[in-house]
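Let me begin by presenting the structure, written as structure tokens, before commenting on it.
The values are calculated or read from the model by the stated rules, or taken from the named source; none is laboratory data. Here the structure is a predicted model, which is why all the values come from computation and not from measurement. FYI the Cβ positions are ideal-geometry reconstructions off the backbone, even for glycines, and counts take in every protein chain you see. These area figures cover heavy atoms from the full protein model, side chains too; ligands, DNA and RNA do not enter into them. Shrake-Rupley method; radii C 1.70, N 1.55, O 1.52, S 1.80 Å.
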Amino acid sequence: MKRYLVEPGEKVDLTKRDPHETGDFKGGKKEGLEAIAKLNQELQELQELLYAEGKHKVLVVLQAMDTGGKDGTIRRVFDGVNPQGVKVASFKVPTPEELSHDFLWRVHKVTPANGEMVIFNRSHYEDVLVVRVHDYVPKDVWSKRYDQINEFESMLAENGTTILKFYLHISKEEQKERLQARLDDPSKHWKFSVGDLGERKLWDDYQKAYEAMLSKTSKKHAPWYIVPADRKWHRDLVISTVLVDTLKGLKMKYPEPKDNLDGIVIE
Ligand code: AMP
Ligand code: MG
């Protein structure tokens, strides 16, 4: 999955990243779904271990254009994990109280504790994306946020947080189809926001903002992956693989029993 990793310091050009590719994966959708099912089993076991051991914290950040597949990723990749140890934090338009604090205030409160995995559905990166595209704050304010984010994430990492960040990369054509599908299906109307059409008109500005974000904030302790996301199964395969490989790398162990259990007989 190294091909999707943004190397620290790399200058990202999203026009050179194909949202439709399936990379090194040899099979098609059927094989992809089988591989995802196996990875999901592994993820469930690793998450159980993470919770039992209670030593590591895991933060998964999901960012994408509208319809990019953040909700679908959460539903599929994390299917079956134990809700006791996994939380989702969704970041919406900030409330007046949130706006009256620094932009990381609402974020820090919901970062993972020992043994927890937290998935960010949108994140502090909105403060250099939608905020930058719409000039919600002046440039000299948002432009300082890349360094502020890097320092914040370094601090989390130094305090035992494993951070993985995924940008779900879809094409403009794919977004059109997904928006149309939402419009055509009454059960998806709740997801359709007329405002998304205005954001779609700003596609190029958003791509530039994403390129800046990916280029400035991919670090060894908090890497970005650019996930080709036009094909949902391939998106899930990439994210599941990175997650499972990273969790295995933590070399977690079940804790020793609190008492000596030798010779215990239950009557
Ligand atoms: P959704 O993810 O579809 O529920 O939409 C959430 C909305 O909140 C999106 O339009 C985001 O751009 C917006 N949003 C999230 N964070 C911020 C932020 N820090 N400032 C402004 N808008 C935000
Ligand atoms: Mg939306």
Legend entry - Unmet criterion (only one of (1) of a type in the set (Ser, Thr, Tyr); (2) open to solvent by less than 30 Å² (accessible area, probe 1.4 Å); (3) more than 10 Å from ligand 1 (Cβ to nearest atom); (4) within 16 Å of ALA209 (Cα to Cα)) for SER123: (3)
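I'm trying to understand the selection: among the residues of the range 130-171, which are within 16 Å of ligand 1 (Cβ to nearest atom) and open to solvent by less than 30 Å² (accessible area, probe 1.4 Å)?
At the first step, the residues of the range 130-171 found to be within 16 Å of ligand 1 (Cβ to nearest atom) are 130-139, 141-146, 148-149, 152, 165-168, 170.
Scanning the range 130-171 gives VAL131, VAL133, TRP142, ARG145, TYR146, ILE149, PHE152, LYS165, PHE166, TYR167, LEU168, ILE170.
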Inset, instruction - Answer yes if at least one residue in the range 175-195 is touching a residue at least 40 places away in the same chain (Cβ under 8 Å), under 18 Å from the mean Cα position of the chain (by Cα) and surrounded by 11 or more Cβ atoms within 10 Å (Cβ to Cβ), and no otherwise. - result: no
Inset, instruction - Scan the range 85-101 and report the pairs whose first residue is touching a residue at least 12 places away in the same chain (Cβ under 8 Å) and whose second residue is among the hydroxyl-bearing types (Ser, Thr, Tyr), with Cβ atoms within less than 6 Å and a gap of 6+ or a chain change. - result: GLY85/TYR51; PHE91/SER123
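So if I check each of LYS57, LYS70, which one is modelled with pLDDT of 95 or more, within 16 Å of the chain's Cα centre (by Cα) and under 24 Å from VAL128 (Cα atoms)? Break it down stepwise before answering.
Working: LYS57 fails: under 24 Å from VAL128 (Cα atoms).
LYS70 is the lone residue from the list that is modelled with pLDDT of 95 or more, within 16 Å of the chain's Cα centre (by Cα) and under 24 Å from VAL128 (Cα atoms).
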